[in-house]
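Following: one structure in structure tokens, then a few remarks.
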Amino acid sequence: MGRIILVTGGARSGKSRFAEQLAADLGGRIAYIATARALDAEMADRIARHRQQRPAAWPTFEAPLSAAAVVAAEAGRCDGFLLDCLTVLITNRILAREADWDNPPMELLADMEADVLVEIEALLAAAAGQPAPLIAVTNEVGFGIVPLSPLARFFRDCAGRANQRLAAAADEVHLVVSGIPVCIKGGRSGSCVP
């Protein structure tokens, strides 16, 4: 199986910058898999800032719904993959379907979560056997209070289970806190010692 590195943390924790540093160490051609959509001015600004902080030589693949397809299509063409970010991908897949979020049917929620987990499994399968490592950035969304709205609770739970699945398969997992990466699984020497 190809090497998988998961980088997680809270909003504005420095996880993307840390993941970009890890990716830069892999070689010159990093396939950057972007999941965000510029649906408003704030998101367009965030996307522009992310583009400015990574090397211009890294080809960008817009994949708001399927990162797995990019990993499979680019097999053998790059030194590494950087997926930023998994939680935005999850959001996109959830919101791709209509739902009454004041009273969502349990069957629909189960279908939505199954859809997300199918994409996670496809991503793991695409990374398997790849010579190029996959670095995936995700948000840790379970440290806060229980969200008030059904949509926010569902997202938190779904993202948590997707993160667990990816972390279980990953060779390395890093939690970034206030700009400081903390290795919580694996590591370059097989331990969490840098």
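Counting heavy atoms of the protein chains only and a 1.4 Å probe, report the per residue accessible area for the range 45-194 as a whole number of Å².
51 Å²
Placing +1 at every Lys and Arg Cβ and -1 at every Asp and Glu Cβ, with all other atoms neutral, what dipole size does the chain have around its Cα centre, in debye to the nearest 20?
It works out to roughly 720 debye.
I'd like to know which of Ile184, Asn163, Ala63 lies farthest towards the positive end of the charge dipole of the chain, counting +1 on Cβ of Lys and Arg and -1 on Cβ of Asp and Glu.
The one lying farthest along the dipole's positive direction is Ile184.
Let me know the charge dipole size of the range 49-126 about its Cα centre in debye, to the nearest 20, where only the beta-carbon of Lys, Arg (+1) and Asp, Glu (-1) is charged. Please report the intermediate quantities before stating the final value.
Numbers: 6 positive and 13 negative charges, 128 e Å.
Charge dipole of the range 49-126: 620 debye, to the nearest 20.
For n ≥ 4 DSSP H runs only, could you compute -39500 (n - 2.57) per run for the chain, divide by its residues and tell me the 222 nm figure to the nearest 500?
Details: 6 runs with 82 residues, N = 194.
For the chain, the value works out to -13500 deg cm²/dmol.
Rounded, prolate or oblate, given the Cα gyration tensor of the range 32-123, with a/c below 1.5 counting as rounded?
The shape class here is oblate.
Which of these, Ala56, Ala159, Ala11, has the largest mean-square fluctuation under a Gaussian network model of the chain (Cα springs below 10 Å)?
Ala56
Could you give me D for the chain, from Stokes-Einstein at 4 °C and 1.567 mPa s, where the hydrodynamic radius is the Kirkwood radius over C-alpha pairs? Units µm² s⁻¹, please. Please report the intermediate quantities before stating the final value.
On the way: Rh = 17.1 Å.
The Stokes-Einstein estimate is 76 µm²/s.
How would the range 1-70 be classified by its alpha-carbon gyration tensor: rounded, prolate or oblate, with rounded meaning a/c under 1.5 and the a/b versus b/c comparison settling the rest?
rounded
What does the charge count around Ile4 come to, taking other residues whose C-beta lies under 10 Å from its C-beta (Lys +1, Arg +1, Asp -1, Glu -1)?
Residues near Ile4 contribute -1 overall.
Which stretch or stretches of the range 97-139 have amide N atoms under 16 Å from the point lying 7 Å from Ser149's Cα along the Cα→Cβ direction?
Label zone hits: 97-105.
Where the accessible area of the range 72-194 is counted over protein heavy atoms with a 1.4 Å probe, how much of it, in %, is carbon and sulfur?
For the range 72-194, the apolar C and S fraction of the accessible surface comes to 59 percent.
What is the sum of charges around Gly142, taking Lys and Arg as +1, Asp and Glu as -1, for the other residues whose C-beta is under 14 Å from the C-beta of Gly142? Write out the running numbers ahead of the final one.
Numbers: positive: Arg153, Arg156, Arg161; negative: Glu140, Asp157.
Cβ neighbours under 14 Å give a net charge of +1.
What ranking, highest mean first, results for peptides 103-110, 138-145, 79-86 when packing means the other Cβ atoms within 10 Å averaged over each residue?
Per-residue mean Cβ counts within 10 Å order the peptides as 79-86, 138-145, 103-110.
Pull out a ≥ b ≥ c, the square roots of the eigenvalues of the alpha-carbon gyration tensor of the range 115-189, then state rounded if a/c is under 1.5, prolate if not and a/b is larger than b/c, and oblate in the remaining case.
oblate
With labels modelled as points extended 7 Å from the Cα through the Cβ direction, what inter-label distance (nm, one decimal) is found for Ala48 paired with Glu107?
4.6 nm
May I ask you to compute the full-extension gain from Ala122 to Leu95, defined as 0.36 nm times their residue separation minus their alpha-carbon distance, rounded to one decimal in nm? Present the calculation step by step, with values, prior to reporting the outcome.
Values: separation 27, 0.36 × 27 = 9.72 nm, distance 1.95 nm.
So the chain would gain 7.8 nm between Ala122 and Leu95.
The values are calculated or read from the model by the stated rules, or taken from the named source; none is laboratory data. This structure is a prediction, so every number in the text was calculated from the model and none was measured. Quick reminder, even Gly has a Cβ in these numbers, built from the backbone with ideal geometry, and neighbours come from all protein chains shown. Only protein heavy atoms, including side chains, enter the accessible area calculation; ligands, DNA and RNA are left aside. Shrake-Rupley method; radii C 1.70, N 1.55, O 1.52, S 1.80 Å.
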